[in-house]
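Student: Handing you this structure, nothing more for now.
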Amino acid sequence: MNKVKEIPYYLKTKYPELYSDTLWGFNKWSTDDKLFENRNNFVTDYNIKKYVKNRPKYIENEYDKLGRDADHIECYITNDDMYYILIVSPYHDFKEENKKYGWKRIYDLYCIGGYTYMKKILRKYCKKKLNDL
């Protein structure tokens, strides 16, 4: 029996350097090409520059507010360095209260048929709020 060698997801995107440090990027099971198209579109649609591996405390607090909805979290910075783009993919619809906090449903980024939500936060707002904590 021939074994098919799967390549990591990050190598199947147009932006391997961006996704190489993400948990999602190291998945290898077969999936629909639409997922990679969605990941490529995410970069252009939201003007993504880089993945944030060590998230600031304020950003961690934003994820903590979600409780169980904070699954498969990722954080990015835009090309103009003005925004954090937060995403979560909890595999289910968000609680209504979380939608009220500025999270909006976007196209699937973790798996096809899953749910992905995004929140855009002004970076200077995060620095100001950190001083208030």
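The values are calculated or read from the model by the stated rules, or taken from the named source; none is laboratory data. Only a predicted model underlies this, so the values are computations on that prediction, with no experimental measurement involved. For neighbour counting, all protein chains shown are included, and Cβ atoms are generated from backbone atoms with ideal geometry for every residue, glycine included.
Student: For Lys14, indicate whether it is at pLDDT 95 or above and outside any helix (DSSP H, G or I).
Tutor: yes
Student: Of all residues in the stretch 85-109, how many are closer than 17 Å to Trp24 by Cα and either modelled with pLDDT of 90 or more or of a type outside the set (Phe, Trp, Tyr) (or both)?
Tutor: Of the residues in that region, 10 qualify.
Student: Still on this structure: With the structure loaded, tell me whether Ile7 is part of a loop (DSSP other than H, G, I, E, B) and at pLDDT 80 or above or whether it fails that test.
Tutor: Answer is yes for this residue.
Student: Would you check if there is a residue in the stretch 50-67 being within 23 Å of Asp33 (Cβ to Cβ) and either modelled with pLDDT of 80 or more or out of contact with any Cys (no Cβ under 7 Å at 6 or more places or on another chain) (or both)?
Tutor: yes
Student: Restricting to the stretch 17-35, what's the tally of residues that are at pLDDT 95 or above and aromatic (Phe, Trp, Tyr)?
Tutor: Adding up the residues that qualify gives 1.
Student: Could you list, in sequence order, the residues of the stretch 93-126 that are closer than 25 Å to Tyr10 by Cβ and of a type in the set (A, V, I, L, M)?
Tutor: Scanning the stretch 93-126 gives Ile106, Leu109, Ile112, Met118, Ile121.
Student: Same structure, new question: Here are the criteria: (1) touching a Cys at 6+ places or on another chain (Cβ under 8 Å); (2) touching a residue at least 40 places away in the same chain (Cβ under 8 Å); (3) under 18 Å from Leu86 (Cα atoms); (4) assigned to a loop (DSSP other than H, G, I, E, B). Tell me which single one Thr22 does not satisfy.
Tutor: (1)
Student: Go through (1) touching a Leu at 6+ places or on another chain (Cβ under 6 Å); (2) at pLDDT below 85 and name the single condition Cys75 misses.
Tutor: (2)
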